[in-house]
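Visitor: Okay, handing you the structure first.
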Amino acid sequence: QEQGYVSFIPLSTGGYTIKRKWFREDATRRGERHLRESGEIPDFTAYARDRFGVDVVALPPFRRVRYDINLESLRTGHLYGVFFDHSRLVDAPDVAMVQCELEYIRSRTVRPCDEQEVLDELDVVARWLEAQLTAAGLDARRGVYSKLSFLRDSVRSRPDLAEVP
């Protein structure tokens, strides 16, 4: 139940946002929690092991550039995000992943949230997005490939990347 990952996102003001995600395999739904750490973290592996009480396998560091587009349904008040990610390994910039993520964010409504309504609207947005990407000559394959899988696959194909400083 503790499978997943811990990532450390440096803040421009110093310290880190620590993202903890739980999932056994790439899937649409994944648990996620963000924490703030204001100080320096000299050893990420030790910090994750001590703070969360989990066994840790260090993977290569990567940098991500993300462009966000937020959408709101005027009919239902549901908010969605379209996120374009470009992730590349710090020590091997030739190893990169580009993906577009579509997520439900929250609802601004006094009505009880109807999960099927959210899923239906997500599908409408996904089909529109696929059409836009395809028209631009881009791959529009649906999937649930995670950054964790990207890192694992990168190390599998290039074992030299496993030697994390």
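Visitor: What residue, among those in the range 104-158 that are exposed (fewer than 12 other Cβ atoms within 10 Å of the Cβ) and of a type in the set (Ser, Thr, Tyr), is modelled with the lowest pLDDT?
Guide: Among those residues, the one meeting the criterion is Ser157.
Visitor: Only residues that are in contact with a helix residue (DSSP H, G or I) (Cβ under 9 Å, 6 or more places away or on another chain) and either in a loop (DSSP other than H, G, I, E, B) or farther than 14 Å from Glu117 by Cβ (or both): list them for the range 79-90, please.
Guide: If the condition is that a residue be in contact with a helix residue (DSSP H, G or I) (Cβ under 9 Å, 6 or more places away or on another chain) and either in a loop (DSSP other than H, G, I, E, B) or farther than 14 Å from Glu117 by Cβ (or both), then Val82, Asp85, Ser87, Leu89 are the ones that fit.
Visitor: What pairs come up if the first residue lies in the range 4-27 and is open to solvent by 50 Å² or more (accessible area, probe 1.4 Å), the second is assigned to a strand (DSSP E or B) and aliphatic (A, V, I, L, M), and their beta carbons are under 8 Å apart, counting only those six or more places apart or on different chains?
Guide: Ile9/Ile18
Visitor: Let me ask something else. If you scan the range 116-165, which residues turn out to be over 30 Å from Arg75 (Cβ atoms) and not in a helix (DSSP H, G or I)? If you could, list the steps in order and put the result at the bottom.
Guide: Taking the range 116-165 and keeping what is over 30 Å from Arg75 (Cβ atoms), we get 137, 139, 145-165.
Correct list: Gly137, Asp139, Tyr145, Ser146, Arg158, Glu163, Val164, Pro165.
Visitor: Something else now. Being open to solvent by less than 60 Å² (accessible area, probe 1.4 Å), closer than 21 Å to Ser149 by Cα and in a strand (DSSP E or B), is that true of even one residue in the range 38-58?
Guide: no
Visitor: For the range 79-100, how many residues are within 30 Å of Glu121 (Cα to Cα) and surrounded by 13 or more Cβ atoms within 10 Å (Cβ to Cβ)? Step through it out loud before you land on a result.
Guide: At the first step, the residues of the range 79-100 found to be within 30 Å of Glu121 (Cα to Cα) are 79-87, 97-100.
Still in the running and surrounded by 13 or more Cβ atoms within 10 Å (Cβ to Cβ): 79-87, 97, 99-100.
Of the residues in that region, 12 qualify.
Visitor: Next question. Considering each of Glu130, Glu121, Glu115, Glu101 in turn, give the residue that is of a type in the set (Asp, Glu) and in contact with a His (Cβ under 8 Å, 6 or more places away or on another chain).
Guide: Values: Glu130 fails: in contact with a His (Cβ under 8 Å, 6 or more places away or on another chain); Glu115 fails: in contact with a His (Cβ under 8 Å, 6 or more places away or on another chain); Glu101 fails: in contact with a His (Cβ under 8 Å, 6 or more places away or on another chain).
Exactly one residue qualifies, and that residue is Glu121.
Visitor: While we're here: Tell me which of these Thr76 doesn't satisfy, since it passes every other one: (1) in a strand (DSSP E or B); (2) open to solvent by less than 30 Å² (accessible area, probe 1.4 Å); (3) not charged (D, E, K, R).
Guide: (1)
Visitor: When both residues are 6+ apart or on different chains and their Cβ atoms are under 6 Å apart, which pairs have a first residue that lies in the range 94-108 and is outside any strand (DSSP E or B), and a second that is surrounded by 16 or more Cβ atoms within 10 Å (Cβ to Cβ) and of a type outside the set (A, V, I, L, M)?
Guide: Short answer, once both residue conditions are applied: Val95/Ser154.
Visitor: Quick one: which residue in Ile18, Ile9, Ile69 is of a type in the set (Val, Ile, Thr), assigned to a strand (DSSP E or B) and assigned by the TED database to the domain that holds Met97?
Guide: Step by step, each of Ile18, Ile9, Ile69 is checked, and only Ile69 is of a type in the set (Val, Ile, Thr), assigned to a strand (DSSP E or B) and assigned by the TED database to the domain that holds Met97.
The values are calculated or read from the model by the stated rules, or taken from the named source; none is laboratory data. Since the structure is predicted, the reported quantities are computational estimates derived from the model, not experimental observations. Here Cβ is always computed from backbone atoms with ideal geometry, including for glycine, and neighbour counts include all displayed protein chains. The protein model used for the area step is the full one, side chains on, heavy atoms only, and it has no ligands, DNA or RNA in it. Shrake-Rupley method; radii C 1.70, N 1.55, O 1.52, S 1.80 Å.
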